[in-house]
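The values are calculated or read from the model by the stated rules, or taken from the named source; none is laboratory data. Quick caveat: nothing in here was measured; it's all calculated off a predicted structure. All Cβ positions, even for glycine, are placed from backbone atoms using ideal geometry, and neighbour counts span all protein chains on display.
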Ligand code: IPE
Ligand code: IPE
Ligand code: MG
C-alpha cells in the first residue's frame, strides 16, 4: 500500500537526455525536445495524482546558450508554443505556473508568453509548477549576494544579522519549500548548476531512462524509491 505520508512535498527534476533519445531514433535533437514536452505533461499529472505540492523542472540552463544557434532557437520556439498551448489545461488541473531564472536575458516574445501563462494560472492551488529557464544556481546565489550587499551598504541590513534564512529569502525560490527529492534522467550523476543551495538535504535519484521515455510509471517508481529512504538530517535515528 502506498504510504502517502511519505510522499515528497517538492520534487525537482533535471530533464536530461532529449538529444540522445532523438539520436537513438534517427532524428534531429529538436525532435527529442518536442517529445520531452509530453513527459512534462505526464510528470505534472503524476505529481497531482500523488499529492506532490511543488514540481520544479530544469528546462534551460545559463550554460545551454553555448549550444548551436539552431538548437537554441528551436528550444525557445518550443517554450513559447508549449507555454501557450498548455496554459489552459494547467489552469483546468489547478496548476499555478512560475518561471525562475534570469528572464531579462530572454527575448521579449518568451517573456510575454511567460507573463501571460503565469497570469492565466495564478489561481491554481493543486500544484505549483516551477520552470527554471535561463537559470543557474550560481547566477541565483550571486544575485542574492548582491542584494544583501546592497541592503547592508544602504544600512537596512546589519551584516552580523545575516543568517541562512537571510540568504534563502533572497533566492528565486524564497516562496517555496526546498525539494525533498531530486530526479535526474539519462544516467548523468551531476547537478549541472541546479538549485545548489536548495538541494542541501534532498534525496537524489538518478535513472538511466532518457527524459522522453520518463513516463508516469517512471515518476511513480522514483516516488516509491524515495519512500524507502531514511532521511536523517544529521541526527541519529533508529
Ligand atoms: C535536456 O536534454 C534538455 C536541455 C538541456 C534543454 P539534452 O538536450 O541535454 O539531451 P542530451 O543530454 O544531449 O541527450
Ligand atoms: C542540464 O542538462 C540542464 C537542463 C536539463 C536544462 P545539460 O545536458 O545541459 O547538462 P550537462 O551539460 O550534461 O551537465
Ligand atoms: Mg544533456
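Residues of region 146-156 that are touching a helix residue (DSSP H, G or I) at 6+ places or on another chain (Cβ under 8 Å) and surrounded by fewer than 16 Cβ atoms within 10 Å (Cβ to Cβ): 152 alone. Consider only pairs whose beta carbons are under 6 Å apart and that are at least six residues apart or on different chains; among these, list those whose first residue lies in region 62-74 and is within 15 Å of residue 135 (Cα to Cα) and part of a helix (DSSP H, G or I) and whose second residue is away from ligand 3 (no atom under 12 Å from the Cβ) and at pLDDT 95 or above. Going by the 6 Å Cβ cut-off, the qualifying pairs are 62/136; 62/139. Restricting attention to region 187-197, the residues that are touching a residue at least 12 places away in the same chain (Cβ under 8 Å) and within 16 Å of ligand 3 (Cβ to nearest atom) total 7. Before we move on, is residue 26 over 20 Å from residue 183 (Cα atoms), within 16 Å of ligand 3 (Cβ to nearest atom) and out of contact with any helix residue (DSSP H, G or I) (no Cβ under 8 Å at 6 or more places or on another chain)? Answer is no for this residue. Among residues belonging to region 30-63 that are within 11 Å of ligand 2 (Cβ to nearest atom) and over 15 Å from the mean Cα position of the chain (by Cα), point out the one that is farthest from residue 106 (Cα to Cα). Applying the filter and picking the extreme gives 33. Among residues belonging to region 6-21 that are in a strand (DSSP E or B) and away from ligand 3 (no atom under 12 Å from the Cβ), point out the one that is farthest from residue 187 (Cα to Cα). Within region 6-21, the match that is farthest from residue 187 (Cα to Cα) is 10. Can you confirm whether residue 45 is free of Cβ contacts under 8 Å to residues at least 12 places away in the same chain, away from ligand 3 (no atom under 14 Å from the Cβ) and in a helix (DSSP H, G or I)? No, not satisfied.
Would you check if there is a residue in region 22-36 being under 17 Å from residue 219 (Cβ atoms), in contact (Cβ under 8 Å) with a residue 40 or more places away in the chain and assigned to a helix (DSSP H, G or I)?
Step one: filter region 22-36 for residues under 17 Å from residue 219 (Cβ atoms), giving 35-36.
Now drop any that are not in contact (Cβ under 8 Å) with a residue 40 or more places away in the chain, which leaves 35-36.
Next cut, assigned to a helix (DSSP H, G or I) only: 35-36.
So far as region 22-36 goes, yes, one or more of its residues are under 17 Å from residue 219 (Cβ atoms), in contact (Cβ under 8 Å) with a residue 40 or more places away in the chain and assigned to a helix (DSSP H, G or I).
Only a single item in (1) closer than 19 Å to residue 8 by Cβ; (2) free of Cβ contacts under 8 Å to residues at least 60 places away in the same chain; (3) within 16 Å of ligand 2 (Cβ to nearest atom) is not met by residue 200, and it is number (3). When region 70-95 is limited to residues that are exposed (fewer than 15 other Cβ atoms within 10 Å of the Cβ) and within 15 Å of residue 110 (Cβ to Cβ), the one that is nearest to ligand 1 (Cβ to nearest atom) turns out to be 72.
Within region 208-238, count every residue that is modelled with pLDDT of 95 or more, assigned to a loop (DSSP other than H, G, I, E, B) and out of contact with any helix residue (DSSP H, G or I) (no Cβ under 7 Å at 6 or more places or on another chain). Break it down into steps so the answer makes sense when it comes.
In the first step, residues of region 208-238 are kept if they are modelled with pLDDT of 95 or more; the result is 208-235.
Add one more test, that the residue is assigned to a loop (DSSP other than H, G, I, E, B), and what stays is 208-210, 214-215, 228-235.
Filter once more, so that each one left must be out of contact with any helix residue (DSSP H, G or I) (no Cβ under 7 Å at 6 or more places or on another chain): 208, 228-235.
Here the count works out to 9.
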